[in-house]
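The block underneath contains the structure these notes are about, expressed in structure tokens.
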Amino acid sequence: MCDTDLGSGKVKEPSMSGRGRVSWYERFLQPCLAELLGSALFIFIGCLSVIENGVDTGRLQPALAHGLALGLMIATLGNISGGHFNPAVSLGAMLIGGLNVVMLFPYWISQLLGGLIGAGLAKAVSPEERFWNASGAAFVAVQDQEQVAGALGAEMIMTTLLVLVVCMGAINEKTRGPLAPFSIGFSVVVDILAGGMISGACMNPARAFGPAVMTGHWTFHWIYWLGPLLAGLFVGLLIRFFIGDSKTRLILKGR
């Protein structure tokens, strides 16, 4: 059998007796299917919460919907794939040994396809007027060049918080714990409440990609790729070199 433990985020090697079609499926294909399904459901809920957001709730409704949906998906599917649902998280997890490097691009493809499905479903069930009034839940907070630096910086910092919570709370052996799904969800809530007006608080290229395809809105779209991926790279290196446990750190291990 091949098992992915949410606590470690690592896929165990199949035993000799378990080698064959089932173990190959559980090791390679099933995690990608879990990432696709989880990303689709998470992004569907997230997009719908923006499209149906009431005038009196402000950022609270999208913040709670995104955070709670992500926590639920991680708690439900995390033991299959690690529960990333975000290319930036997968990058950070790969860098600290929580994801096999050969699975990084299959995870990214699954997450982006999930983003397309989730955004497409949100468009399908939403009244057309509400959908377009909300720009299809695409990220439109950045309107001119003067906002780019602030939005890019905000995306990097907010995604750093998210990826750090994932990697330290669910993968790093010394600090991981059973409350990781809820901590990760809460980090998304906090980020959206804090930075939603600056950049839209995306923190996830898959969350940006699906609505962009559905609406054709690509203005400043690169911010929502570059910022989160740089944050994933930064957190991975930070844990590998400084704050990871002795099995993860590459330097300063002592005797």
(message) Which condition from (1) among the aliphatic types (A, V, I, L, M); (2) touching a Phe, Trp or Tyr at 6+ places or on another chain (Cβ under 8 Å); (3) crowded, with 23+ Cβ neighbours inside 10 Å is the one that residue 251 breaks?
(response) (3)
(request) Scan the range 49-75 and report the pairs whose first residue is without any contact (Cβ under 8 Å) to a residue 40 or more places away in the chain and whose second residue is part of a loop (DSSP other than H, G, I, E, B) and open to solvent by less than 60 Å² (accessible area, probe 1.4 Å), with Cβ atoms within less than 6 Å and a gap of 6+ or a chain change. (result) 61/53
(message) Considering only residues that are loosely packed, with under 15 Cβ neighbours inside 10 Å and part of a loop (DSSP other than H, G, I, E, B), which ones fall in the range 147-181?
(response) 173, 174, 177, 178, 179
(message) Cβ contacts < 7 Å: first residue within 13 Å of residue 188 (Cβ to Cβ), restricted to the range 156-172; second residue open to solvent by less than 20 Å² (accessible area, probe 1.4 Å) and of a type in the set (Ser, Thr, Tyr), any location; separation 6+ or different chain. Result?
(response) 161/187; 162/187; 165/187
(message) Tell me yes or no: at least one residue of the range 50-73 is in contact with a Ser or Thr (Cβ under 8 Å, 6 or more places away or on another chain) and of a type in the set (Ser, Thr, Tyr).
(response) no
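Among 40, 34, which is the only one that is surrounded by 22 or more Cβ atoms within 10 Å (Cβ to Cβ) and either farther than 30 Å from residue 250 by Cβ or at pLDDT below 95 (or both)?
Numbers: 34 fails: either farther than 30 Å from residue 250 by Cβ or at pLDDT below 95 (or both).
On inspection, the qualifying residue turns out to be 40.
Test residue 185 against the criterion of being closer than 17 Å to residue 98 by Cβ and either buried (at least 19 other Cβ atoms within 10 Å of the Cβ) or of a type in the set (Ser, Thr, Tyr) (or both), and give yes or no.
Values: closer than 17 Å to residue 98 by Cβ: no; either buried (at least 19 other Cβ atoms within 10 Å of the Cβ) or of a type in the set (Ser, Thr, Tyr) (or both): yes.
It is false that residue 185 is closer than 17 Å to residue 98 by Cβ and either buried (at least 19 other Cβ atoms within 10 Å of the Cβ) or of a type in the set (Ser, Thr, Tyr) (or both).
State the number of residues belonging to the range 243-255 that are among the polar types (S, T, N, Q) and within 22 Å of the chain's Cα centre (by Cα). Talk me through it step by step, then tell me what you get.
Of the residues in the range 243-255, the ones among the polar types (S, T, N, Q) are 246, 248.
Among the residues that remain, those that are also within 22 Å of the chain's Cα centre (by Cα) are: 248.
Residues that pass the stated criteria total 1.
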(message) Can you pull out every residue in the range 193-209 that is over 13 Å from residue 113 (Cα atoms) and either small (Gly, Ala, Ser) or touching a Lys or Arg at 6+ places or on another chain (Cβ under 6 Å) (or both)?
(response) 193, 194, 195, 196, 199, 200, 201
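Consider residue 95 carefully, then state whether it is of a type in the set (A, V, I, L, M) and open to solvent by 30 Å² or more (accessible area, probe 1.4 Å). Can you show your working first?
Numbers: of a type in the set (A, V, I, L, M): yes; open to solvent by 30 Å² or more (accessible area, probe 1.4 Å): yes.
Criteria met by residue 95.
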(message) Quick check on the range 224-242. Is at least one of its residues more than 13 Å from the chain's Cα centre (by Cα) and in a loop (DSSP other than H, G, I, E, B)?
(response) no
(request) Could you tell me which residue of the range 210-248 is most open to solvent (accessible area, probe 1.4 Å), considering only residues that are within 30 Å of residue 117 (Cα to Cα) and among the small types (Gly, Ala, Ser)? (result) 216
(message) I'd like the full set of residues that are surrounded by 13 or more Cβ atoms within 10 Å (Cβ to Cβ) and either out of contact with any Lys or Arg (no Cβ under 9 Å at 6 or more places or on another chain) or not aromatic (Phe, Trp, Tyr) (or both), limited to the range 131-146.
(response) 132, 134, 135, 136, 137, 138, 140, 141, 142
(request) Would you check if there is a residue in the range 152-163 being farther than 14 Å from residue 89 by Cβ, at pLDDT 95 or above and among the small types (Gly, Ala, Ser)? (result) yes
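The values are calculated or read from the model by the stated rules, or taken from the named source; none is laboratory data. For clarity, every value in this text was computed on a predicted model and none was experimentally measured. Quick reminder, even Gly has a Cβ in these numbers, built from the backbone with ideal geometry, and neighbours come from all protein chains shown. All accessible areas refer to the heavy atoms of the entire protein, side chains included, with ligands and DNA or RNA removed. Shrake-Rupley method; radii C 1.70, N 1.55, O 1.52, S 1.80 Å.
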